[in-house]
């Protein structure tokens, strides 16, 4: 059935599902002169048009996940009839979900397997004929690269740069200092927003308002460079620092630790300030590996492909996590998951124990609806973890 017929039944027009509000953090309209606003709009239209010329092929392999009258996520067709999408956004929906492809076709779907470590869900949509992405054609990406997010049909919804290289966001991987940096600070270095009592930063004498100039010998250019300064630092290691306090330069040494369980300050305060009233995804942390971008994607865009200037997929959008902070799953991790897990799913489907007729179509994603993971899938995840450690990817927490 085509989308138009479905929309008549649902009582909603196509744009109600597919339209995206702009999330680019521009100044309020009353602060921009009319002529400047016209220039900005014209420039934005030209940039989006250029990106759209690169994204058409990828957009044909992108789908919308819809509940009722709302788009709740996007997905990438990674194999015939198989779609990779965002787990947590679909789990919260308590009504039937449908898949809308790039041509407007509407299809049923069912969950096959969840991968909670990466907040992913593998869906099966037997009737969909959307061409899958070519897993051999994915590309790597590095800090500073220009990238964009692609929606179903090939329209680019946002663009930006990779602001922080690939790293783990899991607490147990972090060399923790016990401080939060102020995300609103625009000067040199990084301004301390708060210090956790009893932490290494507290014992070293750091205070809110200090401007951190150097950590571990690296001159800081902003809060994100703090993470680069901790590359190769393990919990328990000590790092030298230089801070500016009321015009005076202070040197010292800070002993890192593992992030304590239950620690809430200053991370919760930092997250509140970082959101700045923006809508964000339900899960915004604890990913084994992501790279960070300054794109301002809406939560319902999670699951969409992210491309580079050559039109190649460099990752999959996982989470809008802050004011100008969107996390992306690197393409190489997505390739490893897909190429190793889908054959196991296909093999399990061929066994007589599996009866697809007993699986209801278009069901909501409940906790117990994902497919069972076997030892081979767990080994796949462990292999990826080992690859990450060998490549030296670093954590976020500091």
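The values are calculated or read from the model by the stated rules, or taken from the named source; none is laboratory data. Given the structure is predicted, the values throughout are model-derived calculations rather than measurements. Positions of Cβ are generated from backbone atoms using ideal geometry, with glycine treated the same way; all protein chains shown enter the neighbour counts.
When you check residue 88 against the structure, is it assigned by TED's automatic domain parsing to the domain that holds residue 338, at pLDDT 90 or above and outside any strand (DSSP E or B), yes or no? I'd like the intermediate steps shown before the answer.
On the way: assigned by TED's automatic domain parsing to the domain that holds residue 338: yes; at pLDDT 90 or above: yes; outside any strand (DSSP E or B): yes.
Yes, satisfied.
Quick one: in the stretch 373-395, of everything that is modelled with pLDDT under 65 and in contact with a helix residue (DSSP H, G or I) (Cβ under 8 Å, 6 or more places away or on another chain), which residue is surrounded by the fewest Cβ atoms within 10 Å (Cβ to Cβ)?
Step by step, filter the stretch 373-395, then rank; the result is 374.
Give the residues of the stretch 79-101 that are under 22 Å from residue 136 (Cα atoms) and surrounded by fewer than 24 Cβ atoms within 10 Å (Cβ to Cβ), sorted by residue number.
Answer for the stretch 79-101, where residues must be under 22 Å from residue 136 (Cα atoms) and surrounded by fewer than 24 Cβ atoms within 10 Å (Cβ to Cβ): 79, 80, 81, 82.
So which residues in the stretch 285-299 are more than 20 Å from residue 161 (Cβ to Cβ) and touching a strand residue (DSSP E or B) at 6+ places or on another chain (Cβ under 8 Å), if there are any at all?
Those that are more than 20 Å from residue 161 (Cβ to Cβ) and touching a strand residue (DSSP E or B) at 6+ places or on another chain (Cβ under 8 Å): 285, 299.
Evaluate the following for residue 59: is it in contact (Cβ under 8 Å) with a residue 24 or more places away in the chain, in contact with a strand residue (DSSP E or B) (Cβ under 7 Å, 6 or more places away or on another chain) and on the phi > 0 side of the Ramachandran plot?
Taking the combined requirement at face value, the residue does not satisfy it.
In the stretch 212-245, which residue that is surrounded by 15 or more Cβ atoms within 10 Å (Cβ to Cβ) and at positive phi is modelled with the lowest pLDDT?
It comes out as 222.
Determine whether residue 52 is modelled with pLDDT under 75 and either surrounded by fewer than 12 Cβ atoms within 10 Å (Cβ to Cβ) or assigned to a helix (DSSP H, G or I) (or both). It would help to see each step written out before you state the result.
On the way: modelled with pLDDT under 75: no; either surrounded by fewer than 12 Cβ atoms within 10 Å (Cβ to Cβ) or assigned to a helix (DSSP H, G or I) (or both): yes.
Answer is no for this residue.
So residue 73 fits all but one of (1) within 19 Å of residue 339 (Cα to Cα); (2) in contact with a helix residue (DSSP H, G or I) (Cβ under 8 Å, 6 or more places away or on another chain); what number is the exception?
Against the list (1) within 19 Å of residue 339 (Cα to Cα); (2) in contact with a helix residue (DSSP H, G or I) (Cβ under 8 Å, 6 or more places away or on another chain), residue 73 comes up short only on (1).
Taking the stated definitions as given, is residue 187 free of Cβ contacts under 8 Å to residues at least 60 places away in the same chain, on the phi > 0 side of the Ramachandran plot and in a loop (DSSP other than H, G, I, E, B)?
no
So how many residues does the stretch 118-130 have that are in contact with a helix residue (DSSP H, G or I) (Cβ under 9 Å, 6 or more places away or on another chain) and at pLDDT 90 or above?
7
Search the stretch 315-336 for residues being crowded, with 22+ Cβ neighbours inside 10 Å and under 21 Å from residue 81 (Cβ atoms), and hand back the single one that is farthest from the chain's Cα centre (by Cα).
334
Could you check how many residues of the stretch 230-255 are within 30 Å of residue 389 (Cα to Cα) and outside any loop (DSSP other than H, G, I, E, B)? First the steps, then the outcome.
In the first step, residues of the stretch 230-255 are kept if they are within 30 Å of residue 389 (Cα to Cα); the result is 230-242, 252-255.
Of the ones still in play, those that are also outside any loop (DSSP other than H, G, I, E, B) are 238-242, 252-255.
Selection size over the stretch 230-255: 9.
In this structure, does residue 336 turn out to be out of contact with any strand residue (DSSP E or B) (no Cβ under 8 Å at 6 or more places or on another chain) and in contact (Cβ under 8 Å) with a residue 24 or more places away in the chain?
The answer is yes for residue 336.
Can you tell me which residue within the stretch 150-169, out of those that are part of a loop (DSSP other than H, G, I, E, B) and either modelled with pLDDT of 90 or more or touching a helix residue (DSSP H, G or I) at 6+ places or on another chain (Cβ under 9 Å) (or both), is surrounded by the most Cβ atoms within 10 Å (Cβ to Cβ)?
To start, the set of residues in the stretch 150-169 that are part of a loop (DSSP other than H, G, I, E, B) comprises 151-155, 168-169.
Now restrict to residues that are either modelled with pLDDT of 90 or more or touching a helix residue (DSSP H, G or I) at 6+ places or on another chain (Cβ under 9 Å) (or both): 151-155, 168.
On the way: 151: 23, 152: 25, 153: 19, 154: 19, 155: 18, 168: 21.
My answer is 152.
Given the criterion in contact with a helix residue (DSSP H, G or I) (Cβ under 7 Å, 6 or more places away or on another chain) and touching a residue at least 60 places away in the same chain (Cβ under 8 Å), identify the matching residue among 226, 177.
Checking each option against the conditions leaves just 177.
Which residues, counting only those in the stretch 92-125, are closer than 15 Å to residue 152 by Cβ and assigned to a loop (DSSP other than H, G, I, E, B)?
Scanning the stretch 92-125 gives 101, 102, 103, 104, 109, 125.
In the stretch 132-146, what residues are part of a loop (DSSP other than H, G, I, E, B) and more than 20 Å from residue 293 (Cβ to Cβ)? Outline the logic, then answer.
Filtering the stretch 132-146 for residues part of a loop (DSSP other than H, G, I, E, B) gives 132-134, 138-145.
Those that are part of a loop (DSSP other than H, G, I, E, B) and more than 20 Å from residue 293 (Cβ to Cβ): 132, 134.
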